[in-house]
Amino acid sequence: MTDDRAFLKGNEALAYGALRTGLNAYFAYPITPSSEIPETLAAEFDRRSYPAFRTFLQAASELEAISMVIGAAATGAKAMTATSGPGFSLKQEGLSYAAGMELPMLIVDVNRAGPGLGNLGPEQSDYFQATRGGGHGGYPTIVLAPASVPEMAAFPALGFDLAFEYRTPVTVLADAFLGQLKEDLVLPDVAAPVYAPEWAATGARGATRHVLSSLHLELADQSRHSHHLREKRDRIAAREPRAEEFETDDAEVVFVAYGICARLARRAIRLLRARSVRAGLFRPITLAPFPADRLRRLVAAGRSKLLVVELNAGQMVDDVRLAAAGGADVRSVGEMGGLLPGSGDLVRAAEAMLR
Amino acid sequence: MTLERPSGPDRFRVVVDAERCKGCELCVVVCPPRNLRLTRAFNRGGYHPVEFSFHGERGDCTGCGLCYWVCPDFAIAEVGARRP
Amino acid sequence: MSAAAEVYVPKLGALTALTGTPTHYCAGCEHGTLTRLIAKAIDELEIRERTVMVSSVGCSVLAHEYLNVDAVQAPHGRAPAVMAGIKRVRPDLLTFAVQGDGDAASIGLLELLYAANRGEPITVFLVNNAIYGMTGGQMAPTTPIGMVTTTSPSGRDATSTGPPIDATRLVAGFERPAYVKRVFLPIAPTPIPRVYNARGALEGAASVRHAFEVQERGGFAFVEFVSTCSVNWKLGILDAKRYAADVLRPLFPPGVYRDRFGVEGR
């Protein structure tokens with residue numbers, strides 16, 4: 001597909017967004033509800049419609065797929081994979097190594113209900129795993145949360161830009177709803193920024209070697225490396241938080257929600273305003289780094305009732321409470337198991353906060 | 001590398017980097033003329049390094065290079081042939 | 001040295017593909033021997049500047065400290081997958097890994113066998129010393145029945161753990177691999193006391209070269225090096241060589257298991 005206007009599922013849109021940002025390699029392992037991503041890419045790979053897209057390969061496991069991403073990324077290629085909950089757990093091994101070696105790559109988690117196999121419906125229960133870094137050891141995380149099909153198409157470009165700028169894996173955390181939702185969109189421009197990073201392992205040139213390893217047996221070496229990763233995390237936290245606000249200026253209650261829940265909140269806001277309740281929305285676009293400063297400013301400006309909407313038992317609400325630092329009444333509402341909260345649930349919860 | 005046939009005494013020699021040697025003896029027991037032997041000295045690693053002699057228990061060094069190939073520590077630094 | 005150096009011309013000497021860093025390997029370990037065989041082949045084939053080694057996990061985890069080439073670290077067992085990722089985007093590069101028996105035949109068996117089945121143009125060197133060396137002597141997939149290890153203190157018992165895994169035969173069971181070979185790498189005892197032969201190292205040198213040549217021609221190359229681990233076997237260095245010859249060589253028979261391009265004997 002080369003037309004710019006399209007009507008696509010979120011997963012398909014994400015695949016085209018990746019292709020249009022110059023994706024070089026995709027390593028696949030199927031899992032519902034993310035499989036349209038590899039299916040779309042496999043079809044385009046066979047058509048050879050994107051010259052930069054050199055490799056599509058279905059691996060034998062999630063572990064093999066993420067390790068292939070490591071190999072491709074080590075040569076400086078734009079490489080990615082996508083998965084859902086159970087597969088995301090398996091990706092954590094590779095993500096830890098990649099973060100330790102400082103390799104850029106893009107991972108998509110189309111969050112389904114869990115734990116264990118759960119079901120194929122939407123949840124946001126991988127929030128902690130994605131934002132804290134579900135692999136072993138400490139490392140920086142960047143997690144992007146699209147809330148629409150156009151954003152599913154746009155975020156691969158943003159993700160790769162951040163991944164290469166900071167030399168670290170970037171996760172796009174979507175959910176089953178966004179992956180399967182179909183919307184109109186204008187696809188992003190075909191851009192193929194050529195990355196030729198000097199750190200890439202593509203052969204020693206004379207005395208210059210490129211050794212990408214996460215092994216630092218000398219304690220002082222590991223300490224230096226860990227401090228470097230911490231400094232990177234702090235730099236990312238200072239420069240890259242992104243959030244969107246909707247009708248917060250006069251809000252007496254502010255929903256805090258990302259992804260599909262942000263859209264549910266917008267609907268509730270319309271209903272509440274029709275009932276003369278001034279409601280607004282604070283929507284984190286980066287879940288890591290969490291836009292804490294911006295939320296803190298909102299609280300300082302008098303928005304002291306925050307209602308967190310999540311498809312889990314309450315995960316992001318911890319980050320909201322940390323950001324509010326006791327300056328706001330923070331409550332949580334949500335659903336699990338693949339169900340979404342109804343507008344009425346959100347309206348009632350918001351009104352209860354004002355009583 | 002092709003060489004003209006070396007001639008004269010001590011036609012071949014082995015250069016041992018004694019500081020790298022871990023005294024494992026692999027070169028000692030594969031050397032057909034027994035030109036290598038463990039010394040009683042210690043190197044910095046605390047090992048008894050091997051030393052080379054042109055004339056072994058069973059003859060002179062033939063430059064066969066077996067010591068070079070088996071040495072796990074690159075301590076057999078060089079096998080050389082005398083210029084004709 | 002200078003006067004002597006002028007008198008003697010090196011037949012065998014320093015290698016560009018070695019960094020010169022002293023190894024951490026125990027005295028008499030075949031890991032060190034193999035390191036030089038690899039360096040020698042890289043020098044001879046003049047491939048150093050387009051070679052990317054993949055560091056596995058185990059005693060070979062630090063091999064990139066000794067081999068003067070680019071390197072990428074793989075998660076434990078995943079080296080063949082990392083190599084596949086490299087080759088799929090950069091077929092112009094050469095890539096290889098030195099894996100241990102735990103890495104390749106236990107935690108990474110899937111990655112090894114799937115790379116073999118796809119016929120990835122990569123080179124795998126397996127150092128099979130029948131034990132987990134780096135972690136201190138635990139039972140490995142290749143541990144012979146009866147061998148005492150720290151996790152099989154009464155000797156490996158097949159009724160509980162199954163018999164040893166033969167990685168070479170498994171790899172050779174697939175259609176696509178182009179070169180599959182097993183070399184007995186240790187020096188081997190002869191009928192004469194304290195006289196050992198070095199056939200394994202010489203054969204190993206040729207096999208390493210062949211394995212790179214096969215990759216250059218687009219084939220999957222796998223060479224298993226039956227090796228020793230005297231420290232964890234709790235044997236003297238030369239006793240370990242004899243044990244390897246007596247027990248491991250019959251269990252893991254050396255030989256050419258696949259040679260699609262006919263690189264042997266050329």
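For the residues A:I107, C:I237, C:I192, what sequence is obtained by ranking on other C-beta atoms within 10 Å, fewest first? Mind showing how you got there, number by number?
Working: A:I107 26, C:I237 21, C:I192 8.
Result, fewest neighbours first: C:I192, C:I237, A:I107.
Mind checking which of C:I107, C:G85, C:A97 is farthest towards the positive end of region C:69-109's charge dipole, using Cβ charges of +1 (Lys, Arg) and -1 (Asp, Glu) about the Cα centre?
Comparing the listed Cα positions along the dipole, C:G85 ranks first.
Using only the alpha carbons, work out the radius of gyration and Dmax of region A:129-190 in angstrom.
Over region A:129-190's Cα set, Rg and Dmax evaluate to 13.1, 41 Å.
Taking a point 7 angstrom from the Cα of A:E39 along the C-beta vector, which residues in region A:161-182 have backbone N less than 12 Å away?
Zone members listed by number: A:180.
For A:D293 and A:D345, calculate 0.36 nm times their separation in residues minus their Cα-Cα distance, and state this gained length in nm to one decimal.
So the chain would gain 15.8 nm between A:D293 and A:D345.
Spin-label point model (7 Å from Cα, Cβ direction): what's the A:L217 to A:H136 distance in nm?
Computed distance between label sites A:L217 and A:H136 equals 1.8 nm.
Determine, for each peptide in A:237-244, A:74-81, A:156-163, the mean count of other beta carbons within 10 angstrom over its residues, then list the peptides with the highest first.
With the highest mean Cβ count within 10 Å placed first, the list reads A:74-81, A:156-163, A:237-244.
Modelled label-to-label distance, C:D43 and A:R242, 7 Å Cα→beta-carbon offset: nm?
5.2 nm
Give me the orientation-averaged projected area of the Cα convex hull of chain C, in nm², one decimal. Working shown, then result.
Values: hull surface 60.9 nm².
About 15.2 nm², averaged over all directions.
Report Rg (one decimal) and Dmax (nearest whole number) for region A:160-257, counting Cα atoms only, units Å.
Values for region A:160-257 (Cα only, Rg and Dmax): 20.5, 65 Å.
Less than 23 Å apart at the alpha-carbon level, and either on another chain or at least 8 residues along: which lysines does that give for C:K181?
By straight Cα distance, C:K181 reaches C:K40, C:K87, C:K241.
Give me a single rounded figure for A:207-213: the average over its residues of other chain Cβ atoms within 10 Å of their Cβ. Working shown, then result.
On the way: counts 1, 2, 8, 5, 9, 8, 9.
The per-residue average across the peptide is 6.
What does DSSP give for chain A in terms of the percent of beta bridges that are antiparallel, rounded to the nearest 5?
Antiparallel bridges: around 30 percent, rounded to the nearest 5.
Explain nothing, just the number: relative contact order of chain C, from Cα pairs under 8 Å at least 6 residues apart, as a whole percent.
Result for chain C is 18 percent.
Neighbouring Cβ atoms within 10 Å as the yardstick, rank C:E30, A:E310, C:E65 fewest first.
Final ranking by Cβ density, sparse to dense: C:E65, A:E310, C:E30.
Please report C:C26, B:C61 as a ranked list, fewest other C-beta atoms within 10 angstrom at the top and most at the bottom.
If I rank by nearby Cβ atoms, fewest first, I get C:C26, B:C61.
Hey, can you grab everything whose amide H is under 5 Å from the amide H of A:S332? Only 5+ residues off in sequence or another chain; H modelled, so Pro and N-termini drop out.
Answer set, sorted by chain and number: A:V308.
If R₀ is 60 angstrom, what is the calculated FRET efficiency for the pair A:H228 and B:R40, using the beta carbon separation as r and rounding to 0.05? Could the numbers behind the result be given before it?
Working: r = 47 Å, r/R0 = 0.79.
With a Förster radius of 60 Å, E is 0.80.
Mind listing the lone cysteines of chain B, meaning no other Cys beta-carbon sits under 4.7 Å from theirs?
B:C21, B:C24, B:C31, B:C61, B:C64, B:C71
Could you work out how far apart the two model spin labels at C:T159 and A:A196 are, taking each label as a point 7 Å from the Cα in the direction of the beta carbon, and quote it in nm?
6.6 nm
Check which residues have an amide H placed less than 5 Å from C:N197's amide H, if you skip close sequence neighbours.
C:A188, C:T190
Say R0 is 22 Å: what FRET efficiency, to the nearest 0.05, do A:S49 and A:K182 get from their beta-carbon distance?
0.55
Give me the percent of DSSP beta bridges within region C:62-186 that run antiparallel, rounded to the nearest 5.
Beta bridges within region C:62-186, antiparallel portion: roughly 40 percent.
Can you tell me which lysines have their Cα less than 23 Å from the Cα of C:K234? Leave out same-chain residues fewer than eight positions away.
Partners found: B:K22.
Calculate one ³J(HN,Hα) per residue across region C:43-54 by plugging θ = phi - 60° into the Karplus curve 6.51 cos²θ - 1.76 cosθ + 1.60, and present them in order as whole Hz with x for glycine and proline.
5, 5, 7, 6, 10, 4, 7, 10, 10, 10, 8, 10
To the nearest 20 debye, what charge dipole does region A:246-355 have about its Cα centre, counting +1 at the Cβ of each Lys and Arg and -1 at the Cβ of each Asp and Glu?
In total the dipole reaches around 300 debye.
Going Cα to Cα from A:K9, which lysines come in below 16 Å? Please leave out same-chain ones fewer than 8 positions away.
Counting by Cα, and skipping residues close in sequence, A:K9 has these lysines nearby: A:K182.
Would you kindly give the portion of the calculated P(r) for region C:213-266 that falls above 13 Å, as a percent of all Cα pairs?
Taking all Cα-Cα pairs of region C:213-266, the fraction more than 13 Å apart is 66 percent.
For region A:259-301, give the magnitude of the charge dipole about the Cα centre (Cβ charges: +1 Lys/Arg, -1 Asp/Glu; no others), in debye to the nearest 20.
For region A:259-301, the charge dipole is close to 260 debye.
Residue farthest toward the positive end of the dipole of region A:49-164, with Cβ of Lys/Arg at +1 and Asp/Glu at -1: which of A:A59, A:G134, A:Q124?
The listed residue farthest towards the positive side: A:A59.
Using 0.36 nm per residue, how much length does the chain from A:S304 to A:L117 gain when fully extended, once their Cα-Cα distance is taken away?
Net length gain for the segment: 63.5 nm.
Based solely on its DSSP helices, what 222 nm [θ] is calculated for chain C when runs of n ≥ 4 H residues each add -39,500 (n - 2.57) and the sum is averaged over all residues, nearest 500 deg cm²/dmol?
Taken over chain C, the calculation gives -9000 deg cm²/dmol.
On average, how many beta carbons from a partner chain sit within 10 Å of the beta carbon of a residue in C:45-55? Walk me through the intermediate numbers first.
On the way: counts 0, 0, 1, 4, 6, 3, 3, 10, 2, 6, 5.
Average per residue, whole number: 4.
With charges only on Cβ, +1 for K and R and -1 for D and E, what is the dipole size of region C:49-129 about its Cα centre, in debye, rounded to 20?
Working: 6 positive and 8 negative charges, 55 e Å.
Once rounded to the nearest 20, the dipole reads 260 debye.
Hey, any idea what the orientation-averaged projected area of the convex hull of the protein assembly as shown's Cα atoms comes to, in nm²? Mind dumping the intermediate values first?
On the way: hull surface 140.8 nm².
So the mean shadow area of the Cα hull is 35.2 nm².
Using the Karplus curve 6.51 cos²θ - 1.76 cosθ + 1.60 with θ = phi - 60°, what ³J(HN,Hα) values do you get for each residue of region A:283-289, in whole Hz, with x for Gly and Pro?
10, x, 9, 9, 7, 9, x
So, in Å, what gap is there between the alpha-carbon centers of region A:109-152 and region C:69-128?
First find each Cα centre; the distance between them is then 29 Å.
What ranking do C:80-88, A:124-132 get when scored by the average of other Cβ atoms within 10 Å per residue, highest first?
Per-residue Cβ counts within 10 Å, averaged per peptide and sorted highest first, yield C:80-88, A:124-132.
Evaluate E = 1/(1 + (r/R0)^6) for C:R217 and A:D250, where r is the Cβ-Cβ distance and R0 equals 51 Å; express this FRET efficiency to the nearest 0.05.
It comes to 0.10.
How shielded is C:195-207 by partner chains, expressed as the average number of their Cβ atoms within 10 Å of its Cβ atoms?
Partner-chain Cβ atoms within 10 Å, mean over residues of C:195-207: 4.
For region A:110-115, in order, what is each residue's ³J(HN,Hα) by Karplus, 6.51 cos²θ - 1.76 cosθ + 1.60 with θ = phi - 60°, in whole Hz (x at glycine and Pro)?
Ordered by residue, 3J(HN,Hα) equals 8, 4, 10, 6, x, x Hz.
How big is the antiparallel share of DSSP beta bridges in region A:184-311, given as a percent to the nearest 5?
40 percent
Values quoted throughout were computed directly from the atomic coordinates according to the rules given, and no laboratory measurement underlies them. All values derive from a computational prediction rather than experimental measurement. Cβ atoms come from the backbone with ideal geometry, glycine included; neighbour counts cover every protein chain shown.
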